[in-house]
1. Contact list please: Cβ distance under 8 Å, first residue in segment 168-197 and among the hydrophobic types (A, V, I, L, M, F, W, C), second residue within 12 Å of the ligand (Cβ to nearest atom) and part of a loop (DSSP other than H, G, I, E, B), pairs at least six apart or on different chains.
2. Would you say G63 is within 16 Å of the ligand (Cβ to nearest atom), over 21 Å from L180 (Cβ atoms) and surrounded by fewer than 18 Cβ atoms within 10 Å (Cβ to Cβ)?
3. Would you confirm whether or not segment 70-77 contains a residue that is over 29 Å from Y200 (Cα atoms) and either more than 16 Å from the ligand (Cβ to nearest atom) or touching a Cys at 6+ places or on another chain (Cβ under 9 Å) (or both)?
4. Need the failing condition index for E91 against (1) touching an Asp or Glu at 6+ places or on another chain (Cβ under 6 Å); (2) among the charged types (D, E, K, R); (3) in contact (Cβ under 8 Å) with a residue 60 or more places away in the chain, just the number.
5. Say whether the condition of being touching a residue at least 12 places away in the same chain (Cβ under 8 Å) and hydrophobic (A, V, I, L, M, F, W, C) is met by at least one residue in segment 8-31.
6. Restricting attention to helices (runs of 4 or more DSSP H) lying wholly within segment 122-221, give those where 1 or more residues are within 16 Å of the ligand (Cβ to nearest atom) and of a type in the set (V, I, T).
7. Got at least one residue in segment 28-44 being surrounded by 10 or more Cβ atoms within 10 Å (Cβ to Cβ), within 24 Å of the chain's Cα centre (by Cα) and aliphatic (A, V, I, L, M)?
8. Does G111 qualify as being over 19 Å from the mean Cα position of the chain (by Cα), on the phi > 0 side of the Ramachandran plot, in contact (Cβ under 8 Å) with a residue 12 or more places away in the chain and within 16 Å of the ligand (Cβ to nearest atom)?
Amino acid sequence: MPPRDHLPLSGFQARPEAEMRARAEAFHAEIRCRHSLRDFSDRPVPRDIIETCIRAAGTAPSGANHQPWHFAVIGDPEVKRQVRTAAEAEERAFYGGKAGAEWLQALEPLGTDAEKPFLEAAPWLIAIFAQRRGGPEAGLDLKNYYVSESVGIATGFLICALHHAGLATLTHTPKPMGFLNEICGRPDSERPFVLLVTGYPAADATIPRHATIKKPLEEIASFL
Ligand code: IYR
């Protein structure tokens, strides 16, 4: 067995209960205002803000700390146009019947369709890829573990970081998303996980009422 190479925990802050309660409530108040958005403004967002939010996402826990994710950040209007064209082609097939009646009915309250103008309007598209192989450092080709769980958690961190910074997001999943590998130049061993759209809301942005109704605690939690 190799010797354990551990460090003292640093940065963790224990707080008085009243402060914890206030912070938990403040976080809930902030995160409950996050809504998936489909009406984006074309107002630019500085790249360094996106970089910092991705750094925050990169601190997410992952299987064996292999960090099995890649964030391909698209700001070039021509590349965004390519993404929109490819996504809309898939979405036309999806809404044209491929999805099946039950799925299409579930989407009805959202009012979505195959038109995705936000893919060109929003300043940044972040294509998030899940890596089947990799390892804890660049250049390795080891098996990764709990890939979907890890990338899902990192995506959650990224959505929170962007919201906290003052940006809106959409977790967009055109299906299938294989075209993202080609457009972003990512290898076949990486699976497109989510296309995260981010920027400012358009002045007249709306959200579906349906999406604002969240299950109460009693329904989503049980204490044993
Ligand atoms: N990817 C399609 C359909 C879609 C599917 C689900 I599940 C949603 O919650 C929303 C949309 C689209 O983006 O339109």
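Just so it is clear, none of the values below were taken in a lab; they were calculated from the coordinates. Treat the numbers as computed from the prediction; the structure is a model and nothing was measured. Please note: Cβ atoms are built from the backbone with ideal geometry, for glycine as well, and neighbour counts cover all protein chains shown.
1. L170/R38; V194/T173; L195/T173; L195/P174; L195/M177
2. No.
3. First, pick out the residues of segment 70-77 that are over 29 Å from Y200 (Cα atoms): none.
So far as segment 70-77 goes, no, none of its residues is over 29 Å from Y200 (Cα atoms) and either more than 16 Å from the ligand (Cβ to nearest atom) or touching a Cys at 6+ places or on another chain (Cβ under 9 Å) (or both).
4. If we test E91 against (1) touching an Asp or Glu at 6+ places or on another chain (Cβ under 6 Å); (2) among the charged types (D, E, K, R); (3) in contact (Cβ under 8 Å) with a residue 60 or more places away in the chain, just (1) comes out false.
5. yes
6. On the way: elements: 147-165, 179-184, 217-220.
In segment 122-221, the matching helices (runs of 4 or more DSSP H) lie at 147-165.
7. Looking through segment 28-44, at least one residue is surrounded by 10 or more Cβ atoms within 10 Å (Cβ to Cβ), within 24 Å of the chain's Cα centre (by Cα) and aliphatic (A, V, I, L, M).
8. Yes.
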